[in-house]
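Notes follow the structure.
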2 protein chains.
Amino acid sequence: MQTFELHLQLAADTFPLGKVGSVHVLLHRTALVPWFILVPETRAIELHDLPPLQRAELNALAERLGRFLCQSMDCEKLNIAAIGNVVSQLHLHVMGRRREDALWPRVVWGNLPTNGALRTAEDAALLAARLRLAQCL
Amino acid sequence: MQTFELHLQLAADTFPLGKVGSVHVLLHRTALVPWFILVPETRAIELHDLPPLQRAELNALAERLGRFLCQSMDCEKLNIAAIGNVVSQLHLHVMGRRREDALWPRVVWGNLPTNGALRTAEDAALLAARLRLAQCL
């Protein structure tokens with residue numbers, strides 16, 4: 001889709017890790033939890049409005065990243081969600097949670113401290129390399 | 001699955017609306033937002049551990065209910081999520097949001113007032129009838 005533009009808020013909050021088919025894979029800058037944000041190139045706002053093939057592509061990618069979080073990043077629980085109350089551009093959160101993370105068992109949305117530790121671009125590049133090795137990207 | 005038992009917390013928070021294939025459809029008792037909770041009969045904890053056919057069944061049902069919320073219940077945004085930090089039994093939230101609901105744009109998880117208005121069993125029965133008419137159940 002020629003006119004696709006990532007929402008400014010999503011761009012500001014994340015590092016880009018790569019693109020799989022039509023889906024951009026972003027990493028949230030917070031260091032609190034490992035948190036992927038998947039953004040398919042579409043004008044649809046709700047998951048049910050995605051074309052079936054794109055929906056399947058998004059689901060398969062979310063599944064791969066979820067397995068990676070559990071198997072390679074010691075996450076104990078996944079939080080997977082399409083919310084979009086603030087940023088309506090369709091995006092899917094795939095987040096790994098651990099019982100020792102600072103917000104457990106609360107959800108992260110709306111509870112992220114504004115002055116929390118952040119990842120670096122180098123962290124993101126390293127994670128992207130690990131994801132490519134694991135054939136997630 | 002003979003040994004399936006709905007988690008006590010999920011049972012306490014909801015009214016049962018019906019069952020589609022292997023998936024129980026529950027309605028959260030809060031009157032604040034229309035909020036379905038889908039519970040597949042499985043011992044899997046994460047979506048990616050569901051057998052593919054059951055995953056497809058769950059996705060298709062979530063999609064039907066999401067369309068119903070948008071088209072028949074005037075919802076402006078869906079919040080769809082698998083979280084399970086508190087109740088690990090696999091369950092998928094399918095919730096309709098409106099800009100005038102009391103929590104907008106915050107997420108509902110963790111923010112529900114403890115003394116908010118509740119639905120009645122009659123409300124739930126009426127909604128179940130509407131869902132059957134709309135071929136969602």
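Descriptive notes on the structure:
- Of the residues making up the range A:86-106, those that are within 18 Å of A:R43 (Cβ to Cβ) and either in a strand (DSSP E or B) or of a type outside the set (A, V, I, L, M, F, W, C) (or both) are A:S88, A:Q89, A:H91, A:L92.
- Applying the condition of being of a type in the set (S, T, N, Q) and part of a loop (DSSP other than H, G, I, E, B) to the range A:1-23 and asking which residue is modelled with the lowest pLDDT yields A:Q2.
- Qualifying residue in the range A:74-85 (condition: closer than 22 Å to A:T120 by Cα and surrounded by fewer than 21 Cβ atoms within 10 Å (Cβ to Cβ)): yes
- Residue in the range A:122-134 that is more than 24 Å from A:L6 (Cα to Cα), of a type in the set (A, V, I, L, M) and not in a strand (DSSP E or B) present: yes
- Candidates in the range B:44-73 are the residues that are surrounded by 18 or more Cβ atoms within 10 Å (Cβ to Cβ) and outside any helix (DSSP H, G or I); of these, the one that is farthest from the other protein chains (Cβ to nearest Cβ) is B:L50.
- Going through (1) closer than 25 Å to A:L90 by Cβ; (2) in contact (Cβ under 8 Å) with a residue 40 or more places away in the chain one by one, B:L6 falls short only on (1).
- Exclusive hit being within 13 Å of chain A (Cβ to nearest Cβ), out of contact with any strand residue (DSSP E or B) (no Cβ under 9 Å at 6 or more places or on another chain) and not charged (D, E, K, R), set B:G110, B:G84: B:G110
- Sole residue being loosely packed, with under 15 Cβ neighbours inside 10 Å, free of Cβ contacts under 8 Å to residues at least 12 places away in the same chain and not β-branched (V, I, T), chosen from B:L126, B:L118: B:L126
- When every residue of the range A:8-29 is checked against the conditions, at least one turns out to be within 14 Å of chain B (Cβ to nearest Cβ) and surrounded by fewer than 17 Cβ atoms within 10 Å (Cβ to Cβ).
- Within the range B:65-81, at least one residue is of a type in the set (D, E, K, R) and touching a helix residue (DSSP H, G or I) at 6+ places or on another chain (Cβ under 7 Å).
- Residue within the range A:24-33 that is of a type in the set (G, A, S) and part of a helix (DSSP H, G or I) present: no
The values are calculated or read from the model by the stated rules, or taken from the named source; none is laboratory data. Because the structure is a prediction, the values reported are computed rather than measured. Positions of Cβ are generated from backbone atoms using ideal geometry, with glycine treated the same way; all protein chains shown enter the neighbour counts.
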